[in-house]
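All of the numbers you see were taken from the coordinates with simple rules; none came from a lab. Not measured: the values here are computed from a predicted model. Positions of Cβ are generated from backbone atoms using ideal geometry, with glycine treated the same way; all protein chains shown enter the neighbour counts.
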Amino acid sequence: MRQLLYNGHIYQQRGQFTSALLIEDGYILKCGSDQELLAHQDQDVTLIDLQGKTVLPGFNDSHLHFYMSSVAFQTVELYGATSIDMIIERAQQFINNHPEAQGKALFGRGWNQDYFETEPRLINRLDLDRISTDFPIVFSRACGHVVSVNSKTLEILGIHALTPQVDGGQFDLDAQGQPNGVFRENAIDLLSSLREPLSSQDRLNLLTSISQIANQYGITSVQTNDITVGSEEGSAIEETYRHYSALNPTVRIYHQLCFTDIDTLYARIQSGYHQGENQFNRYGPLKIFIDGSLGARTAKMRQPYHDDPSTRGIECMTSSVLDEFINLADQNNIQVAIHAIGDGAITQVLNSYQNVIQTENKNRHGIIHCQITDMPILNRFKALDILAYVQPIFLHYDMHIVEDRVGQGLASTSYAFGTMEELGLHVAYGTDSPVEGLNVFNNIHCAINRQDLKSFPENGFYPNEKVDLETAIDNLTIGGAYASFEEDHKGRLLPGYMADLIVIDQPIFQQDYAQIKDVQVTMTMVNGKVVYTR
Ligand SMILES: [Zn+2]
């Protein structure tokens with residue numbers, strides 16, 4: 001099977017474009033001018049006229065939670081809602097767009113009363129009854145520690161004024177002593193019975209639908225952290241990915257695997273870490289969490305928080321346990337990728353990596369997030385050649401809190417996208433969906449404009465840390481491929497590379513960066529097959 005794409009503006013690498021590609025069996029065979037390639041065409045070639053449009057390699061999202069995103073996308077997205085009315089509107093819209101979900105329990109996620117312009121209060125059952133009193137409605141606050149439900153939910157669960165409270169949690173009561181629909185902490189577990197158990201077919205359908213959404217955003221490869229080996233849910237998800245990769249997959253999967261404990265990792269290595277891999281379903285790094293988040297002041301800092309001197313955040317794992325995990329992985333040539341946000345956590349991880357990296361970082365160990373940094377920390381990334389997995393989209397929210405959290409001095413050297421490039425680090429960008437959405441162009445916007453999605457501030461937040469367009473694109477393509485040991489055949493549109501590519505609707509190399517977040521993908525090709533057209 002051969003395709004000839006011609007009449008395009010095809011990005012190959014910085015400063016290098018071509019107009020035509022000849023593709024055979026999922027790989028790029030040749031590139032060149034229209035004239036050259038059209039002259040040699042034979043009958044069994046399918047011609048695709050790119051109509052002068054810009055073509056990029058397919059995006060490789062270097063850190064997200066793909067399966068979890070598929071579950072989250074089945075719920076009403078309430079992030080950023082600025083009023084209770086807006087929450088109700090979004091729910092009604094969701095119901096209209098999902099007739100198949102009619103009458104079933106409706107879940108939503110991400111509301112936060114701090115964003116409400118009027119009435120900044122927790123939402124309660126009376127608010128949610130405006131959506132429906134016929135089926136249960138369960139809407140989680142952004143933090144996940146507070147959940148609000150409607151009256152039907154209380155009725156189904158049999159929760160009333162006299163129901164005893166829950167240890168380590170509570171359901172709130174109104175002035176009359178009746179449950180008002182707000183659940184906190186451990187009381188949230190009472191709601192779990194409302195979730196229908198998923199069959200393996202349900203899970204497979206979820207992965208298929210999230211793949212279609214990813215393709216719409218130009219994503220053709222993901223490095224996903226969904227599976228915890230050693231847990232029941234983890235095995236079910238792993239099995240789903242196996243099925244998925246055997247049936248017309250449209251996204252290439254590289255797993256970042258969590259393990260319940262070190263014995264489970266050891267057992268996995270004994271039975272074959274990479275067992276049953278194929279081109280669409282590969283096993284990548286051991287994934288470890290070492291701290292929390294900046295928003296919740298749980299990222300581990302070297303100094304106390306500027307806006308709460310009583311804390312330096314949390315440490316999820318002691319250095320001795322961390323060393324054990326890293327040693328076991330490294331000795332077995334398994335890559336490691338560690339979630340670290342605060343400068344304290346990043347330093348802890350760099351110290352552990354330094355113990356196992358003798359001369360070169362051949363297993364390509366990396367740090368996910370790398371948010372709070374200073375120059376000495378970034379220099380250590382360079383010296384040890386540690387991969388930086390970066391989510392530029394975090395700047396959208398964090399630019400508004402980072403100076404409060406860590407003070408101006410440290411904020412000015414954090415989210416140091418530009419410095420990472422100047423140092424020549426191996427950098428791979430990603431979305432961290434479902435924490436943020438799958439729109440890759442929002443990430444590019446944050447990286448090159450250093451603005452939030454409302455284009456604030458005008459000149460960018462610490463604008464010296466901006467990167468240029470080519471850098472952002474490379475970090476989403478070839479940079480991601482490096483993180484999965486595929487840089488010699490994925491992430492560029494050159495002969496010998498996989499035919500994973502996207503066509504976009506704007507000539508981004510010839511226009512102002514300001515519009516970048518509005519770019520739409522018009523066609524996505526994976527393995528030489530068109531998997532999406534707009
Ligand atoms: Zn994540």
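Tell me whether the stretch 1-55 comes out rounded, prolate or oblate; compute the Cα gyration tensor, take square roots of the eigenvalues as a ≥ b ≥ c, and use a/c under 1.5 as the rounded threshold.
Note, shape of the stretch 1-55 comes out prolate.
Mind sorting T264, T82, T18, T477 by how few other Cβ atoms lie within 10 Å of their own Cβ, fewest first?
The most exposed by this proxy come first: T82, T264, T18, T477.
Determine the shape class of the chain: with a ≥ b ≥ c the square roots of the Cα gyration tensor eigenvalues, call it rounded for a/c under 1.5, and otherwise prolate if a/b is greater than b/c, oblate otherwise. Write down the numbers at each step before the final one.
Working: a/c = 1.57, a/b = 1.33, b/c = 1.18.
Cα axes put the chain in the prolate bin.
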Q | Between helix 319-331 and the chain: long-axis angle, C-alpha atoms, 0 to 90°, nearest 10 | A | 30 degrees
**Q.** On Cα atoms only, tilt of 200-216 relative to the major axis of the chain in degrees
**A.** 60 degrees
Q | Lysine pair count for the chain [Cα-Cα under 23 Å; pairs on different chains or 8 or more apart] | A | 19
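How far, in nm, would the chain grow between L29 and S199 when pulled straight, counting 0.36 nm per residue and subtracting the alpha carbon separation? List each step's numbers first, then the result.
On the way: separation 170, 0.36 × 170 = 61.20 nm, distance 4.17 nm.
Length gained, L29 through S199: 57.0 nm.
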Q. Placing +1 at every Lys and Arg Cβ and -1 at every Asp and Glu Cβ, with all other atoms neutral, what dipole size does the chain have around its Cα centre, in debye to the nearest 20?
A. 320 debye
Q) Farthest toward the dipole's positive end in the chain, which of G103, L4, N439, given Cβ charges of +1 (Lys, Arg) and -1 (Asp, Glu) about the Cα centre? A) L4
Q | Positive-end residue, the chain charge dipole about Cα centroid, Cβ charges, pick of P304, A428, L50 | A | L50
Q) Tell me, what HN-Hα J-couplings in whole Hz come from the Karplus equation 6.51 cos²θ - 1.76 cosθ + 1.60 at θ = phi - 60° for each residue of the stretch 44-51, using x for Gly and Pro? A) 7, 9, 8, 8, 10, 7, 7, 6
Q. Ranked by Cβ crowding within 10 angstrom, fewest neighbours first, how are M498, M317, M375 ordered?
A. M375, M317, M498
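Sorting check: for 58-64, 508-514, which peptide has the highest mean count of neighbouring beta carbons within 10 Å, and how do the rest follow?
Working: 58-64: 29.0, 508-514: 12.9.
Ranking the peptides 58-64, 508-514 by packing returns 58-64, 508-514.
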Q | Using alpha-carbon coordinates, inclination of helix 343-356 to the longest axis of the chain, degrees | A | 50 degrees
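Report the extension gain between Q41 and E470 in nm, rounded to one decimal, defined as 0.36 nm multiplied by the number of residues separating them, less their alpha carbon distance. Mind dumping the intermediate values first?
Numbers: separation 429, 0.36 × 429 = 154.44 nm, distance 3.15 nm.
Gain on extension, Q41 to E470, equals 151.3 nm.
What full-extension length gain, to one decimal in nm, is calculated for Q506 and N459 as 0.36 nm per residue of separation minus the Cα-Cα distance?
On the way: separation 47, 0.36 × 47 = 16.92 nm, distance 2.28 nm.
Value of the extension gain: 14.6 nm.
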Q. Considering only DSSP states other than H, G, I, E and B, which trypsin sites (Lys or Arg not before Pro) in the stretch 72-137 qualify as loop sites with at most 11 other Cβ atoms within 10 Å?
A. R121
Q. In what sequence do C143, C316, C31 fall when counting other Cβ within 10 Å, fewest first?
A. C143, C316, C31
